[in-house]
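Reading through the structure tokens given below for one structure.
Read-outs: derived from the displayed coordinates by stated rules, not from any lab. Here the structure is a predicted model, which is why all the values come from computation and not from measurement. Backbone-built Cβ (ideal geometry, glycine too); neighbour counts: all protein chains shown.
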Amino acid sequence: MIDLLSAVYWFDEALQAGLRARGHQSVSRSQSMILANIAAGVHRPSELAKNLGVSRQAMSLALGELAARGLVEIEPDPNDGRAQRVVFSPRSVEIRRDAIAVMTSLEEALAARIGKTRFNALCAAFESDWGMPPLDAESGKAMAKAPAGQRPGRGAKSRQ
């Protein structure tokens, strides 16, 4: 499964190269992952930190950098006055549009390289609900299925 991580790096490196070719300034891999999470609907800084496995303080710094570049805005959460939410800024429209175009091109290139049938099967597997990570807390060993009572994880959002 280490190949899955290599695939993420392949896409991120190709996305960054494509954005640079379109005149955009590079972002770090961690910033790219933050932006991908926001695009997937994760808006709370605490959830972003959890998803990326970093402290809230580290996330605050990273979000500050992205905000300074005009890519995101941090605003009060309208549903919880104590919380904040992160949204794309109006200034990010162009880079988001270009990122979608680059990702579409990458998907087409990958389908051509591995074949449409294998590409579609790969997409279907990623869009499936994998449930919660199946690790036994005591032994650290993989379990055949998630423990009863745990809420299932979200599957990947459908590609647009």
Charge dipole (debye, nearest 20) of the chain; +1 at Cβ of Lys and Arg, -1 at Cβ of Asp and Glu: 140
Against the 2.2 N^0.38 Å scaling, with N counting residues, where does region 2-127 land? I'd like the Cα-based Rg ratio to two decimal places. 1.15
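Could you list HIS24, HIS43 in order of exposure, starting from the residue whose Cβ has the fewest other Cβ atoms within 10 Å?
If I rank by nearby Cβ atoms, fewest first, I get HIS24, HIS43.
Throw me the Rg/Rh for region 4-55, computed over C-alpha atoms with Kirkwood Rh, two decimals. Before the final figure, lay out each step's value.
Values: Rg = 11.9 Å, Rh = 11.8 Å.
Value, to two decimals: 1.01.
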For a footprinting-style exposure proxy, rank MET59, MET132, MET33, MET1 by other Cβ within 10 Å, fewest first. MET1, MET132, MET33, MET59
